[in-house]
Amino acid sequence: MNRAVIIGNGDVKDYRYLKEKIHDTDFIICADGGYNHASAMGIKPNVLLGDFDSAEDYEKVADRIEYPKRKDFTDGELAVMYAVEHGYNDVVLIAMTGDRLDHTIVDILLLMKCKNGVLIDDNNEIYLLRDEIEISGRKGQTVSIIPINGNVQGISTTGLEYPLCDETLYFASSRGISNVMLDEKCKISIKKGMALVIKVEKI
């Protein structure tokens with residue numbers, strides 16, 4: 001099955017960069033005002049959902065799902081739930097960060113609902129590390145590892161300037177910040193815990 005790409009209503013500075021992250025075969029889900037970003041990129045969504053308090057000209061989308069404004073979930077979470085319920089294992093979250101830190105934090109944590117998820121904005125790619133992951137990038141690119149939900153135990157890395165070998169990264173500690181890729185790929189594995197892996201695109 002192809003990937004699902006969810007376009008949210010977060011801040012976007014570089015449409016060209018984000019559009020390059022979207023494939024022709026992707027199933028496009030717009031979360032309310034994400035439709036405005038899709039339109040700016042010339043992308044037609046497969047489905048539009050939300051309470052439609054920020055999407056412009058949403059009536060143009062034939063396949064849309066409207067929710068009440070008073071609800072228990074954000075439009076972004078509803079979009080992730082839609083993707084997962086329709087069998088998409090690979091989910092890309094785009095335009096879901098910005099000045100609203102409450103929304104940004106919860107949107108990053110939505111990666112926990114995805115089997116294979118990545119959140120992409122103008123400057124970062126954010127992954128959820130449950131066991132092991134391989135990151136593609138550039139030599140010299142910054143990669144940070146941030147424990148969530150407690151300590152990360154048994155963490156080992158290859159391809160990073162500051163290696164870790166069966167060590168522990170402690171929750172609420174900054175030790176995993178600003179590692180550096182030695183080549184175009186790096187690998188990170190853990191035995192227990194979860195972490196966010198953030199690759200910084202532009203320095």
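From the protein chains alone at 1.4 Å, what is the descending order of accessible area for His37, His103, His23, largest first?
Descending accessible area places them as His23, His103, His37.
A dipole drawn for the chain from +1 and -1 charges on Cβ atoms has a positive end, and of Ser156, Asn9, Gly137 the residue lying farthest that way is Ser156. Within the shell defined by Cβ-Cβ distances under 12 Å, the residues around Gly50 carry a net charge of -3, with Lys and Arg each +1 and Asp and Glu each -1. Distance between the modelled labels on Asn2 and Asp90, one decimal in nanometres: 1.2 nm (7 Å Cα→Cβ projection). Within straight-line reach of Lys21, meaning a Cα separation under 14 Å, sit the following aspartates and glutamates at least 8 residues removed in sequence or on another chain: Asp90, Asp121, Asp122, Glu125, Glu201.
Using a 1.4 Å probe and counting only protein heavy atoms, arrange Ser156, Ser174, Ser39 so the residue with the most accessible area comes first. Provide the component values of the computation, followed by the final result.
On the way: Ser156 35, Ser174 85, Ser39 60 Å².
Greatest to least solvent exposure: Ser174, Ser39, Ser156.
The length gained by stretching the chain between Tyr17 and Lys192 to full extension, at 0.36 nm per residue less their Cα-Cα distance, is 59.5 nm. Restriction of the GluC sites (Glu not before Pro) in region 115-170 to DSSP coil positions whose beta-carbon has at most 16 other beta-carbons within 10 angstrom yields Glu161.
Taking all protein chains as shown and a probe of 1.4 angstrom, Arg138 keeps an accessible surface of around 110 Å².
The fraction of accessible area contributed by carbon and sulfur in the chain is 48 percent, rounded to a whole number (1.4 Å probe; ligands and nucleic acids excluded). Lys/Arg Cβ at +1, Asp/Glu Cβ at -1, dipole of region 65-133 taken about the Cα centre: which of Thr74, Gly117, Gly98 is farthest positive-ward? Farthest along the dipole direction, towards plus: Thr74. What you get for region 58-203, charging only the Cβ of Lys and Arg (+1) and of Asp and Glu (-1), is a dipole of about 220 debye around the Cα centre.
The residues neighbouring Asn116, those whose beta-carbon lies less than 11 Å from its own, together hold a net charge of +2 under the Lys/Arg +1, Asp/Glu -1 convention.
With helices as the sole contributors, the chain gives -4000 deg cm²/dmol at 222 nm; each DSSP H run of n ≥ 4 counts as -39500 (n - 2.57), and the sum is divided by every residue.
Which net charge results when you count Lys and Arg as +1 and Asp and Glu as -1 among the other residues whose beta-carbon is under 13 Å from that of Ile65?
It works out to a net charge of -4.
Candidate cross-link partners of Lys191 among the aspartates and glutamates, defined by an alpha-carbon separation under 12 Å and a same-chain spacing of 8 or more, comprise Asp131, Glu132, Asp166, Glu167. Quick one, which of (i) 8, 30, 32, 21, 8, 1; (ii) 9, 34, 34, 18, 5, 0; (iii) 8, 34, 38, 18, 1 is the actual P(r) over Cα pairs in 10 Å bins from 0, in percent calculated for this model? The listed entry that was calculated here is (ii).
Calculated FRET efficiency, Arg100 and Arg175, Cβ-Cβ r, R0 25 Å, to nearest 0.05?
With a Förster radius of 25 Å, E is 0.30.
Using a probe of 1.4 Å, the accessible surface attributed to Asp63 totals some 80 Å² when neighbouring protein chains are kept in position.
Between Asp24 and Lys139, 0.36 nm times their residue separation minus their Cα-Cα distance comes to what?
38.6 nm
The values are calculated or read from the model by the stated rules, or taken from the named source; none is laboratory data. Everything numeric in this text was worked out from a predicted model, so none of it was measured. Counting neighbours? That spans all protein chains shown, and the Cβs are built from the backbone with ideal geometry, glycine included. The area values use the complete protein model at the heavy-atom level, side chains included, leaving out ligands, DNA and RNA. Shrake-Rupley method; radii C 1.70, N 1.55, O 1.52, S 1.80 Å.
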